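Q: This is the structure I want to talk about, given as structure tokens.
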Amino acid sequence: MPKLTIDGLEIEVPAGTSVLQAAEQLGIEIPRFCYHERLPVAANCRMCLVEIEKMPKPVASCAMPAGEGMVVKTQSDVALQARKNVMELLLINHPLDCPICDQGGECDLQDQAMTYGRDKGRYDEEKRAVTEKYLGPLVKTAMTRCIHCTRCVRFLTEVAGVPELGMAFRGEHAEITTYIEHALTSELSGNIVDLCPVGALTSKPYAFAARPWELRKTESYDVFDAVGCAIRVDARGNQVMRVLPRLSEDVNEEWLGDKSRHAVDGLLKRRLDVPYVRRDGKLEPASWSEAFAAIQDALGGLQGSEIAALAGDMVDAESMFALKLLIESLGSANLDCRQDGAALDPSAPASYRFNTTIAGVEEADALLIVGSNPRIEAPVLNARIRKRAAKGRFPVGVIGPKADLTYKTQHLGDDAGTLQAVLDGINPFHDVLAKAERPMIVLGMGALTRADGARILGAARALAEKTGMVKDGWNGFNVLHTAAARVGGLDLGFVPGPGGKGTREILAAAATGEIKAVWLLGADQIETNGLDRAFVIYQGHHGDVGAQVADVILPGAAYTEKNGTYVNTEGRVQRAERAVFPPGQAREDWKIVRAASEVLGKTLPFNTLEGLRGQLEAHAPAFAECDVATPGAWTAFGESGALDAALGPFVSPIRNYYMTDPISRASPTMAACTLEIVEGKTTTEARTGTDG
């Protein structure tokens with residue numbers, strides 16, 4: 001390990017550590033534009049120049065490996081003068097349009113020009129102008145500001161795995177471009193806005209909306225998929241203006257999917273802000289007392305077996321637990337949080353968790369993906385898999401939809417017969433898994449939501465045991481969920497009780513009239529055709545699928561409008577914080593359930609969120625510890641039985657990444673992405689929103 005001296009401080013670092021990284025370990029800041037710790041080194045901005053004794057000229061510290069006996073000076077006259085010269089060169093062609101630039105207040109160039117720049121410019125020549133580039137509905141360009149740091153190019157190429165940006169031409173004619181103009185197709189493209197150190201790339205939906213010092217910042221968690229990315233919600237007044245990723249090494253590092261980042265404009269559209277009651281076949285606005293009276297009239301004379309409840313994909317654990325207590329107090333065991341009917345065993349946490357953990361993917365040495373397309377189901381997790389694949393010696397087999405996952409894969413087949421062949425050792429990928437030291441399997445909802453889902457779950461467990469995926473210090477069995485609420489619902493027991501019905505049985509019984517009342521808690525991903533004979537209570541925040549069939553609508557709060565607990569796909573308990581208040585008469589969901597329980601004569605034993613959480617933690621102790629991934633104990637689960645291909649191929653439950661839930665379906669930005677990226681409209685059609 002080389003030992004060197006930086007600004008008079010001695011430090012010993014691992015071989016391969018750069019001078020810049022060594023300085024950071026000492027708390028010494030070296031300015032930079034092109035360097036980023038998660039991207040390959042480019043060393044093209046030269047802002048990180050330092051003086052190293054016995055070297056004839058200043059050195060780019062990001063690309064210089066620390067050497068034994070080096071004496072580095074970061075604040076010498078030579079280093080400071082070199083940085084001033086670099087900054088002067090960078091500003092030759094920069095338009096200096098800070099007052100109208102969306103990056104103002106968050107611009108690295110602006111900040112470093114104040115610290116390291118000269119007090120006046122010496123150039124009188126005309127500045128270079130560069131034509132704008134169209135990158136789609138999410139990223140706005142002002143390429144005259146570009147300083148060619150290539151962070152955006154390296155991110156899309158190396159991290160996202162979709163190399164759609166590059167540098168064309170040379171010298172003063174160099175430009176960052178897509179070569180052929182089209183929208184960026186990566187589900188992670190919004191991250192290049194965060195990476196851009198100047199105002200060349202900014203958020204198109206957020207353009208000219210607010211300045212950073214106007215915004216109230218709230219730390220929270222994302223609920224658009226089951227990864228549970230750490231986010232920051234920026235709001236002004238009672239409106240969410242934007243969502244940005246927070247640093248979370250164990251989950252999302254510092255990346256965020258485009259839907260999670262940009263679908264928040266859907267929070268303003270199609271909102272439910274007053275209760276509704278259906279009268280003479282038409283939903284009409286009502287007061288809370290009228291809505292509760294209608295519920296009391298409908299449920300008052302029913303037996304418990306005639307009542308059911310379904311929870312949706314973006315519901316917090318507190319609301320589900322409160323509704324579970326209410327439905328059970330009414331004598332019903334008919335409740336389920338698995339809208340899609342996934343064959344998951346609530347009694348065996350290992351059967352429905354990502355046991356390897358998201359960060360643990362980087363330690364695996366072989367992977368089998370079954371019935372899942374992680375690129376659209378969990379883009380941030382897919383980037384983690386790509387990160388591991390980029391290191392090499394990581395065979396990835398896929399049984400399911402054939403898709404570009406951004407890394408090299410072996411498509412083994414697309415049906416249950418292929419999984420059976422791997423299990424029996426007929427398919428050679430069985431030996432790949434068996435010979436690996438830390439193999440893993442990712443089982444998706446495309447496999448578990450089928451009629452034979454329980455047998456597939458059992459076969460996956462058998463394969464894990466047969467190939468040594470589960471051993472001391474390693475559990476390679478993983479289920480990738482598509483719903484933020486799913487693991488939390490399973491952990492707290494929002495599933496059928498003894499003699500109770502699950503989702504498919506509830507919907508079938510409602511169609512026959514056996515079940516006469518169904519409470520939909522944010523449940524919008526179900527088949528509603530059979531609900532016309534039942535009395536439907538819909539509690540949610542958007543006028544989506546569930547609201548269309550409701551007899552009573554109770555307006556709830558979206559994830560940014562309440563304090564709520566979620567559990568991500570790896571079993572990590574996360575507490576989301578309220579950033580804004582619900583609109584109109586909408587209320588937090590647990591409060592609505594608590595008020596309804598009092599009207600129904602089954603008053604729940606809590607009055608505060610703290611009281612509710614105390615009871616939740618007593619019922620499910622795992623909720624007491626936050627931000628810790630908790631793999632489940634390995635036990636038997638699933639059903640035995642041979643698999644066959646009779647039910648057809650595995651299909652990912654997500655066809656359109658940009659519209660998967662009530663919020664994104666209401667989002668104008670996601671509609672634009674769907675139009676251009678999914679439906680393949682031309683640039684002109686996408687810009688105008690017409691068919692040309």
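The values are calculated or read from the model by the stated rules, or taken from the named source; none is laboratory data. Worth saying up front: this structure is predicted, and the values here are computed from it rather than measured. Neighbour counts run over all protein chains shown; Cβ positions are idealised from the backbone, glycine included. Each accessible area value is taken on the protein alone, full model and side chains, heavy atoms only, with ligands, DNA and RNA left out. Shrake-Rupley method; radii C 1.70, N 1.55, O 1.52, S 1.80 Å.
Q: When the Kirkwood hydrodynamic radius is evaluated over all pairs of different C-alpha atoms of region 36-163, what value in angstrom, to one decimal, is obtained?
A: 16.9 Å
Q: Using the Cα centre of the chain as origin and beta-carbon charges of +1 (Lys, Arg) and -1 (Asp, Glu), tell me which of Val71, Val573, Ala348 is placed farthest towards the positive end of the dipole.
A: Val71
Q: Moving on to the next point. Taking Cα centroids, how far is region 661-678 from region 327-368 in Å?
A: Cα centres, region 661-678 to region 327-368: 28 Å.
Q: To the nearest 20 Debye, how big is the dipole of the chain about its Cα centre, given +1 on the beta carbon of each Lys and Arg and -1 on that of each Asp and Glu?
A: With only Lys, Arg, Asp and Glu charged at Cβ, the dipole is about 720 debye.
Q: Convex hull volume of the Cα atoms in region 208-346, per residue, in Å³?
A: 180 Å³
Q: Count charges around Ser640 for me, please; just the other residues with Cβ under 15 Å from its Cβ, Lys/Arg as +1, Asp/Glu as -1.
A: -3
Q: While we're looking at this one, here's another question. Give the lysines whose C-alpha is closer than 26 Å to that of Lys57, dropping any in the same chain fewer than 8 places away, or say none.
A: Lys3, Lys73, Lys84, Lys120
Q: Follow-up. May I ask for the Kirkwood hydrodynamic radius of region 583-636, worked out over all distinct Cα pairs and given in angstroms to one decimal?
A: Roughly 13.7 Å, rounded to one decimal.
Q: Accessible area per residue for region 173-264 in Å², computed with a 1.4 Å probe and the full protein assembly in place, what is it?
A: With all protein chains present, region 173-264 gives 33 Å² per residue.
Q: Could you tell me how many cubic angstrom of Cα convex hull volume region 558-687 has per residue?
A: 237 Å³
Q: Taking Rh as the Kirkwood radius, which is the inverse of the mean 1/r over Cα pairs, what is the Rg/Rh value for region 507-560?
A: My calculation of the ratio gives 0.98.
Q: Show me the three semi-axes of the equivalent ellipsoid for the chain, from the C-alpha gyration tensor (sqrt of 5 times each eigenvalue), largest first, rounded to whole Å.
A: 48, 31, 23
Q: Leaving out same-chain residues fewer than 8 places away, which lysines sit with a Cα under 19 Å from that of Lys217?
A: Answer for Lys217, where 19 Å is the Cα cut-off: Lys562, listed by chain and number.
Q: Give me the angle, in degrees from 0 to 90, between the Cα long axis of helix 609-619 and the longest principal axis of the Cα atoms of the chain, rounded to the nearest 10.
A: 70 degrees
Q: Another question about this same structure. Which Cys residues of the chain have no other Cys Cβ less than 4.7 Å away and so no disulfide-compatible partner by this rule?
A: So, Cys48, Cys62, Cys98, Cys101, Cys107, Cys146, Cys152, Cys196, Cys229, Cys337, Cys626, Cys673.
Q: List the residues, sorted by chain then number, that are 5 or more residues from Asp414 or on another chain and whose placed amide H is less than 5 Å from its amide H.
A: Residues meeting the amide H criterion: Gly400.
Q: Would you mind telling me the share, in percent, of accessible area of the chain contributed by carbon and sulfur at probe 1.4 angstrom?
A: That fraction is 50 percent.
Q: In terms of Cα to Cα distance under 18 Å, which aspartates and glutamates are near enough to Lys402, apart from those fewer than 8 places away along the same chain?
A: Glu187, Glu377, Asp414, Asp415
Q: Bins of 5 Å, beginning at zero and ending with the bin holding the largest distance: percent of Cα pairs per bin for region 308-446, please.
A: 2, 9, 16, 18, 17, 12, 8, 8, 6, 3, 1, 0
Q: Also: Compare the peptides 538-550, 508-520, 5-17 by average per-residue count of other Cβ atoms within 10 angstrom and give them in order, highest first.
A: The most tightly packed comes first, giving 538-550, 508-520, 5-17.
Q: Then there is this: Excluding Ala484 itself, what net charge comes from residues whose Cβ is under 11 Å from its Cβ, given Lys and Arg +1 and Asp and Glu -1?
A: -4
Q: Moving on. A 23 angstrom limit on the alpha carbon distance is what I want to check against. Which of Lys140/Lys259; Lys408/Lys681; Lys387/Lys408 exceed it?
A: Those over the limit are Lys408/Lys681.
Q: Also: Suppose the Debye formula is applied to equal point scatterers at every Cα of region 88-159; what is log10 I(q)/I(0) at q = 0.15, 0.21 Å⁻¹?
A: -0.61, -1.13
Q: About its Cα centre, what dipole magnitude does region 125-225 give when the only charges are +1 on Lys and Arg Cβ and -1 on Asp and Glu Cβ, stated in debye to the nearest 20?
A: 300 debye
Q: How much of the pair distance distribution for region 386-502 lies past 18 Å, counting alpha-carbon pairs only, in percent?
A: It works out to 58 percent of all Cα pairs.
Q: Using C-alpha positions alone, give me the convex hull volume of region 342-411 per residue in cubic angstrom.
A: Given the Cα convex hull of region 342-411, per-residue volume reads 93 Å³.
Q: Among Gly331, Pro374, Leu302, which residue has its Cα positioned farthest towards the positive end of the charge dipole of the chain, with +1 placed on the Cβ of Lys and Arg, -1 on the Cβ of Asp and Glu, and the dipole taken about the Cα centre?
A: Comparing the listed Cα positions along the dipole, Pro374 ranks first.
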